[in-house]
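Shown next, in structure tokens, is the structure this report addresses.
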């Protein structure tokens, strides 16, 4: 940054703030509908909508309604949606076999969107918690989340999603070595154009509670996820994880949660230059909605400002439950 600018009054920063056209000319960052990915929750049934109490305005949708949601997003110009399943508890097991069932909720939703010809990128989640009777992202043996056996399961899950027609796989599990294993399997099976957006810097955060309600993992979770997710105090470790995942074949990387970790997003973008995303997680969404419902903030203005912060921090895009509302606000 230059230190040679003229002193006041020769230099007046308010000159370029004095009118909207001038402010627009000197914008350093922009927020566009093309920066959005919309996370959506899939449930069983037909014409089924299930409200999520801890996420006001967000619903689980049956596969037939998910197709309509995907078309809505495409019509708004949102480039991608991300699917998360609410799995019937009777299908949750120790080994998580439902995760790679070609006919599971996520894969049926992918196929339905593809069959409907909706022109939108489909992103998926790769983690075992929606299918795990223990609520963890990996397989549990004697109270320990085992890494390598979990990676084998995640590879099968990723291949099933790719075969169903997913464009972007989102490994969110934080097991060591899973990106390399998934990338090798995709290449071996001919899925050479399927991209990987790695949840490379996913922190053991307290912001995930409403999401776990949404996918039905809250009651199932035994213990915590601190043995595989990053300690919130460890920024340098997060950067090492990002570097590893890029070396193993990730095309894009993600920081999660979002706004509390903008410092990490900025460092990731500056250091690696790779496509960098952040997830405005359920807790962030719920706090904005709760404050707005109580009249403490202007919800729409805070919604937009929160997303501007991601762009200013260097993020190429954001996963946000606000995506349709933001798109409508941006396109007027």
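The values are calculated or read from the model by the stated rules, or taken from the named source; none is laboratory data. These numbers come from a predicted model, not from an experiment. When we count neighbours, we look across all protein chains shown, and the Cβ atoms used for this are built from the backbone with ideal geometry, even at glycine.
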- Collect the residues in the range 270-282 that are under 16 Å from residue 199 (Cβ atoms), more than 13 Å from the chain's Cα centre (by Cα) and part of a helix (DSSP H, G or I), keeping them in residue-number order. 272
- Item | Boolean, residue 19 is crowded, with 21+ Cβ neighbours inside 10 Å and either in contact with a helix residue (DSSP H, G or I) (Cβ under 8 Å, 6 or more places away or on another chain) or under 30 Å from residue 302 (Cβ atoms) (or both) | no
- Query: Applying the selection to the range 199-252, what residues are within 19 Å of residue 278 (Cα to Cα), crowded, with 21+ Cβ neighbours inside 10 Å and touching a helix residue (DSSP H, G or I) at 6+ places or on another chain (Cβ under 7 Å)?
  - Reply: 200, 201, 203, 207, 208, 210, 211, 230, 238, 242, 245, 250
- Number of the exception - residue 226 against (1) within 19 Å of the chain's Cα centre (by Cα); (2) within 24 Å of residue 147 (Cβ to Cβ): (1)
- Among (1) modelled with pLDDT under 95; (2) within 20 Å of residue 250 (Cβ to Cβ) - the single one residue 148 does not satisfy: (1)
- Note on the structure: When every residue in the range 22-61 that is touching a strand residue (DSSP E or B) at 6+ places or on another chain (Cβ under 6 Å) and over 15 Å from residue 215 (Cβ atoms) is compared, the one surrounded by the fewest Cβ atoms within 10 Å (Cβ to Cβ) is 46
- Query: Among the numbered criteria (1) closer than 17 Å to residue 207 by Cα; (2) over 18 Å from the mean Cα position of the chain (by Cα); (3) not in a loop (DSSP other than H, G, I, E, B), which single criterion is violated by residue 240?
  - Reply: (1)
